[in-house]
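Here the structure is laid out as C-alpha cells; the discussion comes afterwards.
The values are calculated or read from the model by the stated rules, or taken from the named source; none is laboratory data. Predicted model, so just to flag it, every value in this text is computed and none were measured. Here Cβ is always computed from backbone atoms with ideal geometry, including for glycine, and neighbour counts include all displayed protein chains.
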C-alpha cells in the first residue's frame, strides 16, 4: 500500500516537472452543465477566454443538463490523463464514486459555481459566489441610498424553494435589519423570468395604490427586474426615479436599462469562476500549495455611476 | 329551448366558478374591480386578467379542437418558444413586420402539420406524437436564439404585446377575435359536428365518408397556429424571446382550461367559449393569488385546491347526486333536469 502511495506521489512529482514550469502545457477538462441560461453561456465563454489567455488547452464537454453525461465526461477526462478537471455540477449528490476515481488518478478537481454533497477531500476547491452576500450588497445599497427616508420595498423572489431565492432574500433582509425606514411590503415569486416579473409587478402596482406606495423594487435577478421595469412604465411611472430598482446578476440588458436611467443598481454574479480556479491551480502546480476549500468570488456592485453603457458593450459579446 | 338558453346552460358552471373566484379575490383585495383609463387604455386588475390570460386562452382554443378529436397537443408550450424565437430573430435580422409575422405563423403551421401528420397519417398516439415536439421544440428554440434572451426594439412587434386597440390591450383583442372566429367556423358550418364525430369514433366517421386525416391534421395545424400567435404575444410582451421559459408548462394550463371548460378528454362534444372561460378562471386564480399578498409558498396549494373544487363540482357523479336531490325536492317536473 505504502509502495503504491509512494509511486503515485512520484507520478505527481514527475507531472510537475514536465508541466509545472509554465501553465502553457496544461490540459484542463471542463464539464459544463449545459446552456440552461444566458449566464451559463457567458460562464462558458469566459472560461474559454481565461484558458486561452493562460495558454491552457481546455477540453470542453457540454452535459446538456444531465449528470450521467457529466460523469461520462469526467471519466473520459481521467482516461485522457488531463492535468485538472473543472466541473459545474448539475446536481449536488451522486459524485462520490467518480470524484474518487479522479482522486485515485491524482487529478485535482475544482468545482465551479455550485458545490456537491461529497467528502471535501474528494475535490481540491470550490469556486462559488456567496448568494447571501449578494443579497446583502443589494440591501446595503438601498439602505445607503434611502439614507433614513421611509421607503416601502417590494420584492420579486426567485423560484420558490431554490437556493438563490432563499439566500438572496435572507441576505437582503439581514442588510435591512435595524433600518426601520425600510419595509418590505410585498414579496412574491417571479420564477426568475421576465414574463413573471412583469406580471407580478403589475399586481404589486395595482395592490399598492397604483404604485404610489412603492419606493423601491428588489428583484432576485435582473431578468425579473427588466420585466418589472416595463410594468412600471406601462403604469405611467418612471422606473429608476419614482421606483428605485435594484437587482442581482449583472446581465447586459440591465446595464442598458441603467444607461437609460430606468434601473439603479445591480450586484454582479461574475461569470468568471474559471479565472480564480486557474490561478489556484497554477499555484498548486507550481509549489504544491493547496488552496482553501472555498474560494469566494467578488460580488461587485454596479450603479448608474459606473458607465453602464460601456459595461453593456463589454458584456454583450459574452453570450449572455 | 332557445339557442341562447342552451348556450347559457352549457356555460353556467364556468360562469358560476368565475364569479365565485372574482368575489373571493375582491374580499381579499377590495380595489379589485376598480377600472380607470390610463394613457388611453383601460387599466385595472380585471384587464390584467384578460391580458395575462391571453397566451393560455389562445392555446386553449386550439387545444379544445384537438381534444375534441380525442387527441391532445403537448407541444404548444414549446411551439410558443420556437415561434417567439423565430419572430425575434426575424425582426432583428431586418425583416419587415408583416414578413416577420408571416414567417412566424408559417413556422407555427409547420409545427402543427408535423404533429398532424404523425397522428393522422402515421397513426401515432397523440400524446406520444406531440411529446416529440414538446421535448425537441425547446431545443430548437434555443438553437434559434443561441441560448440567450434575444431582445428587439421594433415598435410594431412590441405593439402586439403591449399596445392597445379600442382601449383594450392588444393581446385581449387578439384572443377574443380568435375565439369568435374559431367558434363561428366550427358552429356555423358542419365542421364542429364532423370534429366531434371523429372524436367519438374515428373509424365510424371514416366509414361514413368523413375525411378523417384532413380533419385531424387541420385540428393540429389550428393548434400550432394558435400557439404561434401566443408565442408572438409572449415575446412582444417582454420585448425579447426567452427560449428557456416562454410557454413553459403552458400546455398543461391549456389542457386544464379545456377540462375546466367541461370538454371531455375522451373527445366528442366541445365548447370553445367554455374553454376560454376556463382560461380566464385559471388566470383569475393566478392574479388573485398575486394580489392577495399570500407568501409565494402557498401559490400552488391555493391554485390546486380551487381547481380540485371546480372539478369536483363538475364531476358527473356529483352532478348526478345533486340532480337526484333537486328532483326529489321538485318532484312534479322530473323531465326538466334530464334535458342535460
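Of note:
- Within region B:107-149, the set of residues being in contact (Cβ under 8 Å) with a residue 12 or more places away in the chain and within 14 Å of another protein chain (Cβ to nearest Cβ) comprises B:135, B:136, B:138, B:140, B:141, B:142, B:144, B:145, B:147, B:149.
- Checked against (1) touching a residue at least 60 places away in the same chain (Cβ under 8 Å); (2) surrounded by fewer than 24 Cβ atoms within 10 Å (Cβ to Cβ); (3) more than 17 Å from the chain's Cα centre (by Cα), residue B:269 passes all but a single condition, namely (3).
- Wholly within region B:127-212, helices (runs of 4 or more DSSP H) carrying at least 2 residues that are within 23 Å of residue B:245 (Cα to Cα) and at pLDDT below 95: B:155-162
- Among the residues examined, residue B:81 does not qualify as free of Cβ contacts under 8 Å to residues at least 24 places away in the same chain and buried (at least 23 other Cβ atoms within 10 Å of the Cβ).
- Scanning region A:191-215 for residues that are in a loop (DSSP other than H, G, I, E, B) and facing another protein chain (nearest Cβ under 9 Å) yields A:191, A:192, A:193.
- Subset of region A:23-73 [on the phi > 0 side of the Ramachandran plot and in contact with a strand residue (DSSP E or B) (Cβ under 8 Å, 6 or more places away or on another chain)]: A:34
- Any hit, region B:36-47, residues being modelled with pLDDT of 95 or more and buried (at least 24 other Cβ atoms within 10 Å of the Cβ): no
- Within region B:289-301, being closer than 18 Å to residue A:186 by Cα and more than 9 Å from chain A (Cβ to nearest Cβ) holds for one residue alone: B:298.
- Here residue B:157 clears all of (1) touching a residue at least 40 places away in the same chain (Cβ under 8 Å); (2) more than 21 Å from residue B:279 (Cβ to Cβ); (3) surrounded by fewer than 19 Cβ atoms within 10 Å (Cβ to Cβ) except the condition numbered (3).
- Hits in region A:147-164 (condition: touching a helix residue (DSSP H, G or I) at 6+ places or on another chain (Cβ under 9 Å) and either surrounded by 17 or more Cβ atoms within 10 Å (Cβ to Cβ) or assigned to a loop (DSSP other than H, G, I, E, B) (or both)): A:151, A:153, A:154, A:155, A:156, A:157, A:158, A:159, A:160, A:161, A:164
- Among the criteria (1) surrounded by fewer than 18 Cβ atoms within 10 Å (Cβ to Cβ); (2) without any contact (Cβ under 8 Å) to a residue 40 or more places away in the chain, the one residue A:107 does not fulfil is (1).
- Matching residues, region A:213-239, being free of Cβ contacts under 8 Å to residues at least 40 places away in the same chain and within 26 Å of residue A:136 (Cα to Cα): A:223, A:226, A:227, A:229, A:230, A:231, A:232, A:238, A:239
- Of all the residues in region A:216-258, those that are in a helix (DSSP H, G or I), under 17 Å from residue A:309 (Cα atoms) and at the interface with another protein chain (Cβ under 10 Å from one of its Cβ atoms) number 4.
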